[in-house]
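The values are calculated or read from the model by the stated rules, or taken from the named source; none is laboratory data. Treat the numbers as computed from the prediction; the structure is a model and nothing was measured. Note: ideal-geometry Cβ built from the backbone for every residue, glycine included; neighbour counts use all protein chains shown. Surface accessibility is based on the protein's heavy atoms, side chains included, excluding ligands, DNA and RNA. Shrake-Rupley method; radii C 1.70, N 1.55, O 1.52, S 1.80 Å.
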Amino acid sequence: MNLDRKTTLKIIGILSFCIILYCALQNMGAVKSGLGTAFSYVSPFLTGGAFAFVINVPMRFVERHLFAKSKKLQRLRRPLALILTLLIIAAVITLVFIAVIPQLAETIRDLASSIPQYMDSANGFIQKIFSDYPQISEIQIDWSSIISTVTNWLSNGLSSTISSTISSTISIAGSAINGVVSIVVGFVFAIYILLMKEKLGRQVRMILYSVFPEKFGDRFLYITDMASKTFSNFISGQCLEACILGCLFAVAMLILRMPYVALISVLIAFTALIPVVGAFIGCAVGAFLIFMQSPIQALWFIIMFLIIQQIEGNLIYPKVVGNSVGLPAIWVLAVITVGGRLMGVIGMLIMIPLSSVIYALVREFVYKRLRTKSARVQKMFFSRANPHKTTK
C-alpha cells in the first residue's frame, strides 16, 4: 500500500505522540517535578499576563475617551491611559482601606474590651454547673500521670516542635519573599505588555501564520478574540455585581440600624468577587461581628442576607454575569461547582468565562451541522417559533 507524504506524516505524528504519552505515564514523578520547576520559572510572566489582562479592561475605556479628537496628542494616549488607570485602581483600594481600617480597629477594640465580660460569664456558667451537678467534683483525676506526660513532652517533644516550627517559619518566609518577587516582576512585565500590546499581537500573528496553515491561523485568532471578549465581560460583570451587592447590604443595614455597616458591606463586596459562594464567607464574618454586640441583630442580619441572596442569585447574578459571558444561569451554577472542586476559588473565577467560550463554540458547531440536515429537521429548530441563528 502506497501512502502519500501527508498521510505518512500524520501516522508518524500519532505514533510519536503515543510513545511520548506512554513514557510520561511511566514516569509521572519526574514529569510532575519537571512541570513544577518549569512553572516556577514562568510563573512571574504568567502573573504579569494576568495583571495585564485585568488592567487592560478599564485601560481600554480610558484610552478610548482620552484625547479622542486631538491628533497631536495621540502618542501620549497609551502611557497616560496606563498611568490614569493605575491611579484609579490605587485610589479605589485606598478609599476602601480608609473606609474599612478605622472601623476594623474599632471592632478589634470592642472585641478586646468584651473578652473579660465573656470570661466572667463563662466562669459563672462553669461554677453553676459544679453547683448543680456536685458529682462532677467527685471525679478522680490522676494528676501524677498527667504531670508525667507533660514533663516527658517538655523534655522530648518540645525540642523537635521548636525545630520544626523554625524550619516551617523559614520555609514560609522564603515562599513569601518568592511571592513578592514574582508579583513585582509580573507587574513590570504587565506594564511592558500594556505599552506595546499591538506590537506583541502583530508578532504573535506573524509567527502563527508563518508556521501554521492560514485556515488554522484564522480559527485560532477567532477563538482567542472570543475568549478575550468573554473574559473581559466576565471581569466587568463580576465587579459590577459585587458593587451592587455591597450597596444593597449597606442600604439594608442602614435601614435596620445595624453596626459595622461600612466594614461588612465592603467585606461582602470583596468576597462577592468569588462567584456565588463568596458572599456567604462575608455573611459568616459579618454575622459573627454583629453577634458580639447583639445576637438578635445577628439573627436579623442572617435573615436579611438570605433575602438579598435570593434576589442576587435569581435576578442580579444571572442577568449581570450570566449575560455578560453569554452563558445560561443553569450552566453558570454547574461550572462554578465543577471549577470549585477542581481548583478552588481560582477554578471558579476561570471556569465561567472558559466554559462560555466552549459553550459558544459548541453552539456554533451544532447550529452549523443542523443547517446541513433535512428541511424537516431545520424546521424543528429554525422555524419562526424557534428562531436560532448561527454564530458567525
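If residue 15 meets every condition in (1) open to solvent by 70 Å² or more (accessible area, probe 1.4 Å); (2) under 37 Å from the mean Cα position of the chain (by Cα); (3) over 30 Å from residue 180 (Cβ atoms); (4) not charged (D, E, K, R) apart from one, which number is that one?
It fails just one condition, (2).
Hey, could you check the stretch 208-234 for residues that are at pLDDT 85 or above and small (Gly, Ala, Ser) and say which is surrounded by the most Cβ atoms within 10 Å (Cβ to Cβ)?
217
Read through the list (1) farther than 23 Å from residue 101 by Cα; (2) free of Cβ contacts under 8 Å to residues at least 40 places away in the same chain; (3) within 26 Å of the chain's Cα centre (by Cα), then give the number of the only condition that residue 299 fails.
(3)
Please tell me if residue 62 is open to solvent by less than 50 Å² (accessible area, probe 1.4 Å), within 30 Å of residue 193 (Cβ to Cβ), out of contact with any strand residue (DSSP E or B) (no Cβ under 8 Å at 6 or more places or on another chain) and at pLDDT 80 or above.
yes
Which ones in the stretch 285-333 are open to solvent by 30 Å² or more (accessible area, probe 1.4 Å), of a type in the set (A, V, I, L, M, F, W, C) and modelled with pLDDT of 85 or more?
296, 299, 300, 302, 303, 306, 307
Of all residues in the stretch 235-273, which are open to solvent by 50 Å² or more (accessible area, probe 1.4 Å), modelled with pLDDT under 85 and outside any helix (DSSP H, G or I)?
Scanning the stretch 235-273 gives a single hit, 273.
In this structure, does residue 265 turn out to be out of contact with any strand residue (DSSP E or B) (no Cβ under 8 Å at 6 or more places or on another chain), polar (S, T, N, Q) and under 30 Å from residue 361 (Cβ atoms)?
No.
Quickly run through the stretch 363-379 and pick out the residues that are open to solvent by less than 60 Å² (accessible area, probe 1.4 Å) and charged (D, E, K, R).
Of everything in the stretch 363-379, just one residue is open to solvent by less than 60 Å² (accessible area, probe 1.4 Å) and charged (D, E, K, R), namely 364.
Take residue 205 and tell me if it is open to solvent by 80 Å² or more (accessible area, probe 1.4 Å) and outside any helix (DSSP H, G or I).
no
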